[in-house]
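Here the structure comes first, spelled out in structure tokens, and everything after it is commentary.
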Amino acid sequence: MLLISGSIAGMATDITKRTISNSLCLFVLMTCIALALFDSSLQIHMYQFTSVVVIGLGLFAMGVLGAGDTKLLAAYSLIIDEEYFLFTLFIITVLGALIALFILAMQLASKNKYRRGVPYGVPIVVASLFSIYLSKLN
């Protein structure tokens, strides 16, 4: 329940402010580590974590992805089984594209200018929590 509550808070701030705070990312990270330590069905996957951080920092440097998004996905990647990790990235991409299309449609239909950027925290949270659930089932 802690992970879900923190995740909902992350989605809310990403939608409203287009930021995901460091303290929230740290909370998700600590919760994921605690889940892995106290639940024998979940394992820590450091190579996924490291890959997300390295690639995410590169994407952040190019202005493609936010640093909060990278940190949030890295935290979740610690406990997503490797067999579901690429699936998670695929779902994030599809949901992110759908949200981007929705935002574009809203901008075209309205005279009001919406904030730029896509709140990728939403697809990251949805896909990651689903994949963590699948990982736990194994």
Mean-square fluctuation maximum in Gaussian network of the chain, Cα pairs under 10 Å, restricted to 87, 102, 38, hits 38
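Which value, in debye to the nearest 20, gives the size of the charge dipole of the chain about its Cα centre, when Lys and Arg are +1 and Asp and Glu are -1 at the Cβ?
Values: 8 positive and 6 negative charges, 160 e Å.
Taking the Cα centre of the chain as origin, the dipole is about 760 debye.
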Compute the Rg/Rh shape ratio of the chain: radius of gyration over Kirkwood radius, all on alpha-carbon atoms. 0.99
For the chain, modelled as a GNM with alpha-carbon contacts under 10 angstrom, which of 68, 58, 96 fluctuates the most? 58
Rounded FRET efficiency, nearest 0.05, which uses the C-beta distance separating residue 1 from residue 51 and R0 of 30 Å: 0.55
Most mobile listed residue (52, 122, 94) in the chain, GNM with C-alpha springs under 10 Å: 94
Counting only residues 5 or more apart in sequence or on a different chain, those whose built amide H sits under 5 Å from that of residue 81 are 135
PRE zone check, label point 7 Å out along Cα-to-Cβ of residue 64, amide N under 20 Å, scope region 92-107, hits 92-101
Where the centre of each part is set by its Cα atoms, how far does region 24-43 sit from region 86-138, in angstrom? 23 Å
Karplus (6.51, -1.76, 1.60) ³J(HN,Hα), θ = phi - 60°, over region 125-136, in Hz, Gly and Pro reported as x: 5, 4, 5, 5, 4, 5, 5, 5, 4, 5, 5, 5
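In percent, what relative contact order does the chain have, based on Cα pairs under 8 Å that are 6 or more apart in sequence?
Values: 157 pairs, mean separation 44.2, N = 138.
It comes to 32 percent, rounded to a whole number.
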Send over a whole-number figure in Å² for the accessible area per residue of the chain, probe 1.4 Å. 59 Å²
Computed [θ] at 222 nm, helices only, for the chain once each DSSP H run of length n ≥ 4 contributes -39500 (n - 2.57): -25500 deg cm²/dmol
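The values are calculated or read from the model by the stated rules, or taken from the named source; none is laboratory data. Given the structure is predicted, the values throughout are model-derived calculations rather than measurements. All Cβ positions, glycine included, derive from the backbone under ideal geometry; neighbour counts span all protein chains shown. These area figures cover heavy atoms from the full protein model, side chains too; ligands, DNA and RNA do not enter into them. Shrake-Rupley method; radii C 1.70, N 1.55, O 1.52, S 1.80 Å.
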